[in-house]
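Undergrad: One structure coming up, written as structure tokens, with questions to follow.
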Amino acid sequence: VSFVPFLVFFILTWQQHVRSATVMLFPLENRHTAYVTLGLISAMVRSFMVGNLLIGLFVGAVSTVVFWTIHLPFFYFAGFASGFLSLIPYMGALLALVPPIFVGLGHAGSEEVFIVIATVLGLHVIALNLLYPRFLGKRLQLNPLAVTMGLLVWGGLWGGMGLLLAIPITAAMRIIFAHVESLKPYGAWLGE
């Protein structure tokens, strides 16, 4: 039995208590800074999630329209599944090909398969090279080198889960570094 849904429930319902209790762990002179920093991290996580959702919806909608025009069965499912899978760093392009090719087995000819592959790969490149930096890079205030280094470090430490969490962890580190006097140069290095 997974405990993650229960953990998410308690974090969401006890959010203010957890934030207040966490701030109380700091010395009195640092509590205001800790409170502001936690608020900025919370806003950053929300911004990251909303940005990913919007990019996933856009890529999913374009994929759905293309799959509909080539008469792929279950185009609505394959399009949005492919769009959201495409956002996974490094493995997203391969994973995004699975739903449309799976539903197209026996229904799609070689021309349709080529269109599916070209659409998925093209949208993956556009999402990660244009949409991600434009929507998420500005919101999270991370420079491209910091994002790349974060993906390498956290992916190397935790594998696939590290790749998924690398950007929000690196952005949270930038926020913390920007509010701790001795770490401000590192925060400036991670920032834009």
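Undergrad: Once fully extended, how much extra length lies between Tyr35 and Ile88, figured as 0.36 nm per residue of separation less the alpha-carbon to alpha-carbon distance?
TA: Going from the current span to full extension adds 15.9 nm.
Undergrad: For a quick check, take a GNM of the chain with Cα springs below 10 Å and name the residue from Leu140, Leu95, Leu25 with the largest mean-square fluctuation.
TA: Fluctuation is largest for Leu25.
Undergrad: Now for a different question. Give me the percent of the accessible area of the chain that comes from carbon and sulfur atoms, probe 1.4 Å, all protein chains in place.
TA: On the chain, the fraction of accessible area on carbon and sulfur atoms equals 76 percent.
Undergrad: Using only the Cα atoms, what convex hull volume per residue in Å³ does segment 128-192 have?
TA: Per-residue hull volume (Cα only) is 75 Å³.
Undergrad: Which residue fluctuates most in the GNM of the chain (Cα springs below 10 Å): Trp158, Trp68, Trp14?
TA: Judging by the Gaussian network model, the answer is Trp14.
Undergrad: Something else: What does the extension gain come out to for Leu145 and Val45, with contour length at 0.36 nm per residue minus their alpha carbon separation?
TA: Answer, rounded to one decimal: 34.0 nm.
Undergrad: Going by accessible area, probe 1.4 Å, with all protein chains left in place, what is the ranking of Phe10, Phe114, Phe67, largest first?
TA: The ordering from most to least exposed comes out as Phe114, Phe10, Phe67.
Undergrad: In whole Hz, with x marking every Gly and Pro, tabulate ³J(HN,Hα) for segment 146-157 from phi via Karplus 6.51 cos²θ - 1.76 cosθ + 1.60, θ = phi - 60°.
TA: 5, 5, 4, 5, x, 4, 5, 5, 6, x, x, 6
Undergrad: Helix 75-85: angle to the longest alpha-carbon principal axis of the chain, degrees 0 to 90, nearest 10?
TA: Roughly 40 degrees between the two axes.
Undergrad: Please compute the modelled spin-label separation between Leu165 and Glu111, points set 7 Å along Cα→Cβ, answer in nm with one decimal.
TA: For the pair Glu111/Leu165, the computed spacing is 4.8 nm.
Undergrad: Can I ask one more? Would you tell me the accessible area of Glu192, worked out with a 1.4 angstrom probe on the heavy atoms of the protein chains, in Å² to the nearest 10?
TA: 150
Undergrad: Hey, another quick one. With +1 on each Lys and Arg Cβ and -1 on each Asp and Glu Cβ, how big is the dipole of the chain about its Cα centre, in debye rounded to the nearest 20?
TA: With Lys and Arg at +1 and Asp and Glu at -1, about 480 debye.
Undergrad: If I compute semi-axes √(5λ) of the Cα gyration tensor in Å from the structure I just sent, which labelled value in [x] 29, 19, 14; [y] 39, 19, 13; [z] 23, 19, 18 lines up?
TA: [y]
Undergrad: Same structure, new question: So what is the calculated 222 nm ellipticity per residue for the chain, using -39500 (n - 2.57) for each DSSP H run with n of 4 or more, over all residues, to the nearest 500 deg cm²/dmol?
TA: Calculated at 222 nm, the ellipticity per residue is -24000 deg cm²/dmol.
Undergrad: Turning to a different aspect of this structure: ³J(HN,Hα) across segment 46-59 via Karplus (A = 6.51, B = -1.76, C = 1.60, θ = phi - 60°), whole Hz, x for Gly/Pro?
TA: Ordered by residue, 3J(HN,Hα) equals 4, 4, 4, 5, 5, x, 4, 4, 5, 5, x, 5, 5, 5 Hz.
Undergrad: How much net charge surrounds Ile41 when only other residues with a Cβ under 11 Å from its Cβ are counted (Lys, Arg +1; Asp, Glu -1)?
TA: Within the 11 Å Cβ shell, the charges total +3.
Undergrad: Over the chain, give the accessible area per residue in Å² for a 1.4 Å probe, as an integer.
TA: Counting only protein heavy atoms, the per-residue value for the chain is 62 Å².
Undergrad: In Å³ and rounded to a whole number, note down the convex hull volume per residue for the Cα atoms of segment 1-101.
TA: Dividing the Cα hull volume of segment 1-101 by its residue count gives 142 Å³.
Undergrad: Follow-up. Computed FRET efficiency, Cβ-Cβ of Phe58 and Met24, R0 35 Å: what is it to the nearest 0.05?
TA: Calculated transfer efficiency: 0.25.
The values are calculated or read from the model by the stated rules, or taken from the named source; none is laboratory data. Model, not experiment: these values are computed from the prediction. With ideal geometry, Cβ positions are generated from the backbone for all residues, glycine too; neighbour counts draw on all protein chains shown. Surface accessibility is based on the protein's heavy atoms, side chains included, excluding ligands, DNA and RNA. Shrake-Rupley method; radii C 1.70, N 1.55, O 1.52, S 1.80 Å.
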